[in-house]
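Okay, so here's the structure we're looking at.
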Amino acid sequence: MFRFFLTRLLTFVPTFIGVTLISFAFIRVLPGDPIIVMAGERGLSEARYQELREQFGFDQPLIVQFWDYLTGILHGNLGMSYVTKKPVWDEFFALFPATVELSLCAIVIAICLGIPAGVIAAVNRGKFFDRALMSTALVGYSMPIFWWALLLIIVFSGNLGWTPVSGRIDLLYYFPDATGFMLIDSLLSGQKGAFASAVEHLILPSIVLATIPLAVIARQTRSAMLEVLGEDYIRTARAKGLAPIRVSGLHALRNALIPVVTVIGLSVGVLLAGAILTETIFSWPGIGKWMVDSIYRRDYPVVQGGLLLIAGMVMIVNLIVDLLYGVINPKIRKR
Amino acid sequence: MADATADATRPAPERPGRLQEFWRYFRENRGAVIGLYVFAFFVLLAIGANVIAPHDPTQQFRDHTLLPPFWTAEGSWRFPLGTDPLGRDILSRLLYGARYSFFVGLVVVVLAASTGILIGLVAGFAPKWLDTVIMRLMDIILSFPSLLLALVLVAILGPTLLNAMIAIAVVLQPHYVRLTRAAVMSERTRDYVTSAKVAGAGLGRLMFITVLPNCLAPIIVQMALSFSNAILDVAALGFLGMGAQPPTPEWGTMLAEAREFILRAWWVVTFPGLAILITVLSINLMGDGLRDALDPKLKRS
């Protein structure tokens, strides 16, 4: 067990250094001199240019620059945004809760609908419910979510006028963000209607973001359930005369969930990629929109730092899933 | 393929050709057959776009901007699916856009699959240290959310359709490496490979002629998956302004251009997205059918 943990952790380190190297390389390969870009329309004198070059360390050999970058990361220093002049690290963690809130809501929706849908489909294999649910899941799986978002806006914001189009909360409400999670903060503020407004703003983006994970979870649950339902111990449970709902809901589902949990863990990357589109469309002030805006503005340190932090997060979650999987399923550990 | 030797010992007149056998399994999945027909229909439309399309996709009819589709009161048959804010015929743009989507899907799959299979074969046959290096590299690429990595790559290379295709191929390629390597690993120790080695087959022959054909089933399924992924991702990049540039009638770019009119003219938004959805759905349906037909473990289960 200890060895399994150790080897997984040891492979984590070179991968992480590789990820740093890639995000570091991007800024150096990008066309255009970052300092000129930073100076903008005004331009700058030769002396000032050299001064800035020194300040950002661009006059150093690449290997020295990389070493500085790497040690900077370990000190929590990812550089400054060219545009806002604030540390990338601070900007990231100011916007991060918004993305976490959205992603958590999305994954909760996906799990709460996806697992029951998969179980119902598996139990009714080949019948109407199975076909209807799995066709729906395949449509969801094939959905271009940016279009799906626009359709939902047309129907629910345009025609019905039920939900707002953008942002996290109405401008009417103002309160300090204690946790960064709008749902909690709005409750804490005690202002009437604030919480309802936060929920209204959250609902469409989370549905959009949930769509693909929901479809994946439903499909995965169904196939895992089908596999488990063919096992001997299920037949035994049935022969004992247990109620069908108890057999499929308790005995089968518990074992079918193992691969499903992996899929849920691995969908973090999918969620973050989806967050880029969803946040851009709904003007949701999270890291997805922040990355896209920084790419448009050629704010290289932000792009670099954001890439690194997002990849690091995906890696950590995958590592945790991997380790948990090893705990649940001893067969994996041997590899 | 494993039972090929067993078949050779008994007379096998009733055994159909491999393609026929494949078709028999594929046909059992009704969804897959529907997907195939829809896909074929769309491909034909794309090929014949210059004949079928009523107008030039970039021609602007300034007197007919934002005309709704023909079945509404103000619509006319002249512009069957209406016109966009610049007065261009949406149906014509969709038809020409189909060309881009299929072309993109094809190029991306060929690029990603060929490099991925090659690297995967090398990793599978290489000494352990090289294998480790290659797989770490793939892990690194897979640590980035695919759309984000593609987006940054396109930002570096410049926002064009070609660069978008390259970026997406780079992002999709590690899946092929992993699949090929895993398949090679399980095939390498089989007796038929050893016998080929004993008979004096060189490394190149072993890789491409002996082992590769027996690893193809999961790769073919993956090709269908990445075909649809490529179409979705290129549309997403186009939507974010980092793919094909206007006035190219690419579906994602069309959506981006139509965004500000969504509350006034639903048809400019609805049709391009619907085209993407139906195309991707038909390919995914086929992919499911391919998996059922090619995966021996699931056969007849």
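Figures for the structure shown
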quantity	calculated
Given (1) surrounded by 14 or more Cβ atoms within 10 Å (Cβ to Cβ); (2) more than 30 Å from A:HIS251 (Cβ to Cβ), index of the condition A:LYS86 fails	(1)
Which listed residue is within 17 Å of the chain's Cα centre (by Cα), surrounded by fewer than 16 Cβ atoms within 10 Å (Cβ to Cβ), in a helix (DSSP H, G or I) and not acidic (Asp, Glu), from A:ALA132, A:ALA94, A:ALA110	A:ALA94
Selected residue (only one of B:SER146, B:SER186, B:SER114 is of a type in the set (S, T, N, Q) and in contact with a helix residue (DSSP H, G or I) (Cβ under 7 Å, 6 or more places away or on another chain))	B:SER146
Selection count where residues are outside any helix (DSSP H, G or I) and on the phi < 0 side of the Ramachandran plot, scope region A:113-129	3
Matching helices (runs of 4 or more DSSP H) fully within region B:128-203 where at least 1 residues are within 13 Å of chain A (Cβ to nearest Cβ) and either touching a strand residue (DSSP E or B) at 6+ places or on another chain (Cβ under 7 Å) or of a type outside the set (D, E, K, R) (or both)	B:128-143, B:146-157, B:161-188
Residues of region A:170-200 satisfying the condition of being under 21 Å from the mean Cα position of the chain (by Cα) and crowded, with 21+ Cβ neighbours inside 10 Å	A:MET182, A:ALA198
Close pairs (7 angstrom Cβ cut-off, 6 or more residues apart or separate chains): within 15 Å of A:ALA98 (Cβ to Cβ) and touching a residue at least 40 places away in the same chain (Cβ under 8 Å) in region A:166-178, assigned to a loop (DSSP other than H, G, I, E, B) and of a type outside the set (Val, Ile, Thr) anywhere	A:SER166/A:PHE282; A:SER166/A:SER283; A:GLY167/A:SER283; A:ARG168/A:TRP284; A:ARG168/A:PRO285
Condition check for B:GLY241: of a type in the set (Gly, Ala, Ser) and within 14 Å of another protein chain (Cβ to nearest Cβ)	yes
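Just so you know, all these numbers are worked out from the coordinates, no wet-lab data involved. Everything numeric here is computed off the predicted structure, so don't read it as measured data. Don't worry about glycine lacking a Cβ; one is built from the backbone with ideal geometry, like all the others, and counts go over all protein chains shown.
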